[in-house]
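A.B. asks: Pasting in a structure now, in structure tokens, and then I'll have a few things to ask.
Each reported figure results from applying straightforward, stated rules to the coordinates on display, with no laboratory input. Being a predicted model, the structure only gives us computed values, none of them experimental. Heads up, the Cβs are rebuilt from the backbone with ideal geometry, glycines too, and the neighbour counts pull from every protein chain shown.
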Amino acid sequence: MKQTIITISREFGSGGHVIGEKIAEKMNIPFYDKDIIQEIADKTGFSEDFVKEQSEYAPSKNMFAYAFVGRDHTGSSLSDQVYAAQTQVIQEISKKGSCVIIGRCADYILKDRPDTYHIFVYGNEAEKISRTQQLFNLPEKEALAMNRGMDKKRRLHYEYYTDRKWGDPKNHCMCLNTSVLGIDRCVQYIIELIQSNM
């Protein structure tokens, strides 16, 4: 089987992580999500908690926050250093063989690789709230605030480092609504897409 890399960008609460896990299991290939955090921490010397927050989320829900972060003599912020290490880690992972990579601007970092499928997963608000409530044991109002807050910080981070619009269909070969299709059908469609190009 030729090398195949699947990147999955997703709205918070849409089930993108689960979809990625199921694809990796069915295709018998490595799955990367939180493991990337450890590798970035090893490269930078930053704590895993710091990397977890910096590798996918903006420092606040406002793009102007990037203008006020501390920078070293080269003009590089801690967030910039995490992103540089993240880019290196994802590029190294992609050279090892077929895999699934969740989030962390992987669709942009690997945009020039012809063997890569970029997927965006989203959902309707009610279903995303319900999933977040179940995962984090939250009341509806808090789940809604969490979903919206996390998505906003993801979008700002992505758009700051890639200069592209987060979730733009032009940047993905497939965009899937889990509220309409369900998790298993999304997995099926992604695998069928990959198999049709083998």
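A.B. asks: Tell me the Kirkwood hydrodynamic radius of the range 126-198 in angstroms, computed as one over the mean inverse distance between distinct C-alpha pairs.
C.D. replies: With all distinct Cα pairs of the range 126-198 included, I get 14.4 Å.
A.B. asks: Projected onto the charge dipole of the range 96-192 (+1 at Lys/Arg Cβ, -1 at Asp/Glu Cβ, origin at the Cα centre), which of Gly167, Cys105, Ile183 gives the Cα projection farthest towards the positive end?
C.D. replies: Ranked along the dipole, the leading option is Cys105.
A.B. asks: Could the peptides 128-136, 104-112 be put in order, highest first, of the mean number of other beta-carbon atoms found within 10 Å of their residues?
C.D. replies: Taking the mean over residues of other Cβ atoms within 10 Å, the ranking is 104-112, 128-136.
A.B. asks: Now for a separate question. Report the full-extension gain for the segment Gln188 to Glu92: residue separation times 0.36 nm, less the Cα-Cα distance, to one decimal in nm.
C.D. replies: That works out to 31.8 nm of additional length.
A.B. asks: Which of the lysines could be linked to Lys152 by a straight reach, that is with a Cα gap under 22 Å, when you skip same-chain ones fewer than 8 residues away?
C.D. replies: Lys34, Lys52, Lys61, Lys128, Lys141, Lys165, Lys170
A.B. asks: List the aspartates and glutamates whose Cα lies under 17 Å from the Cα of Lys95, skipping any in the same chain that are fewer than 8 positions away.
C.D. replies: Asp33, Asp35, Glu39, Asp107, Asp112, Asp115
A.B. asks: Check each of the trypsin sites (Lys or Arg not before Pro) in the range 145-177 and keep only those in coil by DSSP with at most 15 other C-beta atoms within 10 angstrom; list them in order.
C.D. replies: Arg164, Lys165
A.B. asks: Hey, another quick one. Counting other C-beta atoms within 10 Å, which of Asp80, Asp49 has the fewest, and how do the rest follow?
C.D. replies: The fewest-first ordering by Cβ neighbours comes to Asp49, Asp80.
A.B. asks: Jot down the per residue volume, in cubic angstrom and as a whole number, of the convex hull over the alpha-carbon atoms of the chain.
C.D. replies: So the per-residue hull volume is 123 Å³.
A.B. asks: Given +1 on the Cβ of Lys and Arg, -1 on the Cβ of Asp and Glu, and no further charges, what dipole in debye does the range 5-196 carry about its Cα centre, rounded to the nearest 20?
C.D. replies: The dipole magnitude comes to about 360 debye.
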